[in-house]
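Read through the structure below, which is laid out as structure tokens, and then see the notes.
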Amino acid sequence: MVSRTALAALVLLLGAAAAHGAVTDYSCPSSCKNTLGCVCASTQPPGGIANGDVPQFIVLTNDDAITVISQPMILNITERHSNKNGCKMPATWFVSVDYTDPNLVKQVFVRGHEIATHTVNHLANPNVTQIVGAKKWLAETAGIPADKIQGFRAPFLVFSPEQRDILAENGFGWDSSISEQYPSTISPSAAERVWPYTMDYGIPQNCAVSTGNCSTSERHPGLWEFPMWNVQDATGTVVASMDPQGDPYELYKLQFDQRYSGNRAPLGIYLHAAWLIADPSRADRLNEFLAYAVQQPNTFLVTVSQVLDWMKNPVPASQYSPTCPSAEELLRLLPQGTALCVMPNEGCDYGTFDSSECKCMCQNEEINAAGYCRDAAGRCTVQKDYDFVGKTYFCPSAAAAPAPAGSTPAAGGADAGQTPAVDTAAQPLTVEMDVTGTTPADFTATKADAVCAQLLRLTGDSEATCTVVHAVSVTGRRLLQDKVHVTVEIETKNADATVKALQTDTIYTLLTPTGITVVPGTVKAALGAPVVPTPATDAGAAPAGEVSEPDIRPPAGTTDATSSDGSSNIGLIVGAVCGAVALVAVGVIAFVMVRRRRARAATELHGSMRTSSYNPTFRAPAAGVTATVTTSRSPTKKQLQQMEAAVSESPLRDSMVGMPRQQQQ
Ligand SMILES: [Zn+2]
């Protein structure tokens with residue numbers, strides 16, 4: 001017999017479900033107990049603790065590669081805050097292997113942070129190789145103990161039951177990919193959001209509002225879901241699940257206060273380092289929020305796993321204290337011989353940190369390629385010079401000279417005594433990359449807009465402009481599998497910040513939804529206008545279908561630079577030290593390198609020549625996009641030589657961040 005109260009409750013429940021179009025068939029029995037490793041999805045914190053004595057947990061997570069750029073951005077937040085017991089604020093890092101420096105992973109680990117996985121190549125719908133491969137890499141290459149790698153987040157937050165099967169079968173403890181927002185059947189209000197739960201009886205979240213599949217009929221005993229509670233404004237409107245637009249202080253204070261006076265569901269701050277890079281004021285406002293929050297009684301800054309550990313064994317906040325092993329203790333968990341040293345506060349811009357040597361290794365310092373040299377303080381801030389006659393990159397002699405007593409070189413290599421100019425004018429920024437999944441014609445006609453839209457987002461500058469100036473086949477093939485070399489010019493006030501953002505794997509993440517794939521390691525960003533051959537006429541004004549002549553003039557700076565004396569100095573030193581035998585060897589190697597480079601440049605140019613020959617129906621590019629279509633007529637030998645010089649001598653070609661010196665202010 002059904003009681004009147006139960007019937008009324010059922011009607012209410014059905015009404016709520018209908019209103020929110022949400023899950024109605026979640027059923028979790030009372031036999032599910034946290035002492036048995038099972039926790040039902042609920043707005044009630046575990047352990048029957050009164051709301052006022054429930055710990056208010058705050059968890060900060062960072063996604064994607066740990067690089068010399070992303071790591072200090074996050075540490076710049078966490079290092080500033082501590083729990084009341086002195087434990088420093090940790091973060092949970094969802095690491096994708098591509099672009100990640102394993103030394104930086106070690107450093108994060110010995111500082112007490114949590115390492116979780118985010119696949120090898122940051123692919124949507126990852127298979128077991130992608131998911132387990134990332135854990136294996138973190139354990140074997142970065143040396144993180146495998147049993148400490150418990151968590152997973154799906155790239156692009158595209159989750160599925162199959163992924164959760166893989167997690168359960170491969171020793172993972174938890175997932176954190178499913179967005180949750182109120183009102184829903186399990187999160188009725190801002191003050192009553194669902195707590196993390198185990199998926200023994202399926203997933204009761206409304207996955208229709210997310211980018212993945214889930215159901216109440218899935219069974220993953222003991223595997224936790226740590227929801228991605230959406231950031232919602234005062235009216236309840238969803239702002240974002242990650243990287244919210246708006247004032248971080250106001251947004252997170254609102255999320256915090258609603259929870260703190262409510263059921264104290266954990267607060268998740270889900271970030272990408274690029275969000276901080278795009279607008280430096282965000283770090284300041286986030287720091288202000290954290291300083292406010294940690295002062296509130298019973299508030300703790302912890303990792304995802306620390307929250308789940310508490311849920312497995314809940315105690316009142318008055319009896320809770322987060323643990324934080326010392327760096328020495330954590331170091332003992334890493335492979336023998338790992339040094340206990342951390343990256344300098346200023347980071348290792350334009351280099352990587354070698355934690356066995358405890359020093360910054362400047363980018364390409366030791367080889368003949370564009371890169372950076374040390375300043376007097378030992379930091380990699382001095383850009384290499386290029387000798388156009390000897391075709392060598394070299395460290396300017398000033399780079400190694402000791403700084404005058406009392407002076408400190410400013411970041412970026414500017415003179416210490418000089419007052420840096422405040423420049424709010426838009427600067428040109430050239431971005432080059434190789435992409436697959438398109439052809440030059442397809443890219444120019446259909447993909448350029450989407451790519452520009454994503455790049456403009458990255459600048460964080462509403463007045464920035466973006467132009468695709470060049471899209472050529474790398475090998476001249478016509479297949480979609482071919483690589484296309486794309487050159488984009490952006491004008492933005494935030495050019496420096498955008499260059500930095502492009503050094504993380506942000507662009508990789510950003511561009512995948514456009515349907516093309518960026519070839520890893522080919523993204524190059526540099527201040528200054530592009531130096532690729534451009535048409536003599538204004539291509540933007542060219543009518544549809546018209547094929548314009550390529551401009552075969554060498555780039556600005558090529559002829560002026562022949563007066564550089566860098567190569568003759570280098571020649572003398574090499575000669576004195578190594579003698580005639582070494583000189584002969586160097587000569588042979590240089591000859592081969594020049595021949596190879598020329599052959600490569602010629603191949604690329606011939607490839608671009610073919611572009612229009614298989615593109616008879618070239619469509620006019622979309623508004624705001626300038627396209628270059630090169631002619632199919634063969635160039636003269638002289639033209640080819642000049643174009644070859646233009647391509648092979650572009651300082652962009654060999655460097656991730658090779659900024660042409662002549663274009664620096
Ligand atoms: Zn990601």
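Per-atom-type breakdown for region 112-186 gives carbon and sulfur 52% of the accessible area (1.4 Å probe, protein chains only). A simple rule links phi to the HN-Hα coupling: the Karplus curve 6.51 cos²θ - 1.76 cosθ + 1.60 with θ = phi - 60°, which for region 371-385 gives x, 10, 10, 7, 8, 4, 8, x, 8, 8, 10, 9, 7, 5, 8 Hz, with x for Gly and Pro. Accessible area per residue was computed with a 1.4 Å probe on protein heavy atoms; Lys391 scores about 50 Å². For Ser179, the residues whose amide H sits under 5 Å from its own are Thr211, Met228, ignoring neighbours fewer than 5 places away on the same chain, with H placed 1.01 Å from N.
The GluC sites (Glu not before Pro) found in region 50-146 that occupy coil by DSSP, while having at most 15 further C-beta atoms within 10 Å, are Glu79.
For region 60-314, the C-alpha radius of gyration sits at 0.95 times the compact-globule guess of 2.2 N^0.38 Å, with N the residue count.
Net charge in the neighbourhood of Thr92 (other residues with Cβ under 12 Å of its Cβ; Lys, Arg +1, Asp, Glu -1) is 0. Once the 1.4 Å probe is applied to the protein heavy atoms, region 45-174 comes out at 30 Å² accessible per residue.
Compared with the rule-of-thumb size 2.2 N^0.38 Å for a compact globular protein, region 257-302 has a Cα radius of gyration ratio of 1.30.
The values are calculated or read from the model by the stated rules, or taken from the named source; none is laboratory data. In this text the structure is predicted, and so the values were computed from the model without any measurement. Positions of Cβ are generated from backbone atoms using ideal geometry, with glycine treated the same way; all protein chains shown enter the neighbour counts. Quick note on the areas: whole protein, heavy atoms, side chains included, nothing else; ligands and nucleic acids left out. Shrake-Rupley method; radii C 1.70, N 1.55, O 1.52, S 1.80 Å.
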